[in-house]
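Written out below as structure tokens is the structure these notes cover.
The values are calculated or read from the model by the stated rules, or taken from the named source; none is laboratory data. Owing to the predicted nature of the structure, the values given are computational and were not obtained by experimental measurement. Here the Cβ positions follow ideal geometry from the backbone for every residue, glycine too, while neighbour counts run over all protein chains shown.
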Amino acid sequence: MATSFSSLPIVDLSLLSSISPSTSDLKRLSTQLYDVFATTGFAYLTNAPLSFTHGDVFTLASKFFRMTEARKMQLAKKTFVKGNKNTYRGYFPPQSGQKDNLKEGFEVGPSHTLVQTHSRSNQKFNLAEPNVWPAANAFPNGKARLEQLHTELQSLSSTLLSLLAISLGKQADFFSSYLSDSLSTLRLLHYPPQPSAAESGADEVKLCCTPHTDSGILTLLHQDPTGGLEVLNSSDEWIPAPYVPGSIVVNIGDLLTRVSGGQFVATMHRVRTNGGGSSSADGMGRFSVPFFFEPGEDCIVRSIDGGESIVYGEHVRRKMGTFVEFQDVPEDSVDLGAATTIAVEA
């Protein structure tokens, strides 16, 4: 259970850039991560071993969302454009009438081909499908850069998972089987400017993403200076998680709570509207880029205390039923006329 924290802790990852970190230093870092995830479930990571700056990440997001609606809808999931073949990867637009989906997004999976089995062929959503991409002239170098970012975040997440295994008294490679055909998702998100509760004259808190926990193992989040992320503590208080320059916000998902036997806590969080987008760099609103670290679809997730096991694909499909962007959408809620046939990555 999350404690009654009033701010998020900061974890310095400088050690991970060392060529040969000592065993004692790695143990210290693993203990620090354990303490974070056993109390708040959230933290800021600083000095992460990534080649991307925040500016690099949000430049990619801005370039993607500045494409025309027609180009973005060419990449839309089948939920939104019935003639498109992609069901799980690709673009989703803001949905009119959906109070908790005041955002648009683009989702990217691993660049390599994932194993697809016959038993999954009748599923509505193909979790192992290839990525879809804009034309090269519409998003110059975007494909290569996003694939690289996905690879680096997958590597960092794998390292953090090894440290968490150590903190739980296991070998560093205890969770290595989870990484086979990992479904990890890199998601670009854009929250267009919305009036805040004060600006609209309303008394209630206005949200652009409703309270939820994440479904996977870990989430690594690049958030911009606009702010809006809030985390629920054990006193039922929503604690702001403002932008900390150069940091990545990390939180654990439902699966890590399960595999730790409840030692780690998946904390409820939400995104609050900051009116008008006036605090964003270009007036477009809020950008965020979460990376959802996930096991393979067939991965059997077991608790270290011998609790009931689950298959990840079954778990995530159940969770998807609560996500607005994977629910059936009335045809008049998006601009279907903008869509044409898309190219699917081989």
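Residues in the range 4-22 that are β-branched (Val, Ile, Thr) and surrounded by 14 or more Cβ atoms within 10 Å (Cβ to Cβ): Val11 alone. Applying the set (1) modelled with pLDDT of 85 or more; (2) of a type outside the set (Ser, Thr, Tyr); (3) in contact with an Asp or Glu (Cβ under 7 Å, 6 or more places away or on another chain) to Gly275 leaves exactly one unmet item: (1). Inside the range 1-40, residues that are touching a helix residue (DSSP H, G or I) at 6+ places or on another chain (Cβ under 8 Å), closer than 20 Å to Leu229 by Cα and assigned to a loop (DSSP other than H, G, I, E, B) make up a count of 4. The set of residues in the range 23-65 that are touching a strand residue (DSSP E or B) at 6+ places or on another chain (Cβ under 9 Å), crowded, with 18+ Cβ neighbours inside 10 Å and under 22 Å from Gln263 (Cα atoms) comprises Leu29, Leu33, Val36, Phe37, Thr40, Gly41, Phe42, Ala43, Tyr44, Leu45. Within the range 161-177, residues that are of a type in the set (Val, Ile, Thr) and surrounded by 15 or more Cβ atoms within 10 Å (Cβ to Cβ) have Cβ atoms under 8 Å from residues that are at pLDDT below 95 and part of a loop (DSSP other than H, G, I, E, B) in these pairs: Ile166/Ala172, counting only partners at least 6 apart in sequence or on another chain. Inspection of the range 297-310 identifies no residue that is crowded, with 19+ Cβ neighbours inside 10 Å, at pLDDT below 85 and either on the phi < 0 side of the Ramachandran plot or not in a helix (DSSP H, G or I) (or both). Every condition in (1) assigned to a loop (DSSP other than H, G, I, E, B); (2) at pLDDT 90 or above holds for Ala281 except the one numbered (2). Residues of the range 238-253 that are more than 22 Å from Val316 (Cα to Cα) and assigned to a loop (DSSP other than H, G, I, E, B): Ala241, Pro242, Tyr243, Val244, Pro245, Gly246, Ser247.
Within the range 212-263, restricting attention to residues that are hydroxyl-bearing (Ser, Thr, Tyr) and under 11 Å from Phe293 (Cα atoms), which residue is surrounded by the fewest Cβ atoms within 10 Å (Cβ to Cβ)? Even if it seems obvious, please write down each step before you answer.
Initially, the range 212-263 is screened for residues hydroxyl-bearing (Ser, Thr, Tyr), giving 213, 215, 219, 226, 234-235, 243, 247, 257, 260.
Checking the rest, the ones that are also under 11 Å from Phe293 (Cα atoms) come to 215, 219.
Working: Ser215: 21, Thr219: 25.
Among those residues, the one meeting the criterion is Ser215.
Answer yes or no: is there a residue in the range 41-50 that is in a loop (DSSP other than H, G, I, E, B), at pLDDT below 95 and not β-branched (Val, Ile, Thr).
Residues of the range 41-50 in a loop (DSSP other than H, G, I, E, B): 41, 47-50.
Next cut, at pLDDT below 95 only: 41.
Within this subset, residues satisfying the condition of being not β-branched (Val, Ile, Thr) are 41.
Yes, because at least one residue in the range 41-50 is in a loop (DSSP other than H, G, I, E, B), at pLDDT below 95 and not β-branched (Val, Ile, Thr).
Summed over the range 80-126, residues that are over 24 Å from Pro295 (Cα atoms) and either at pLDDT below 90 or of a type in the set (Val, Ile, Thr) (or both) total 11. Taking the range 176-230 as the region of interest, none of the strands (runs of 3 or more DSSP E) fully inside it holds 2 or more residues being touching a Gly at 6+ places or on another chain (Cβ under 9 Å), of a type in the set (D, E, K, R) and at pLDDT 85 or above.
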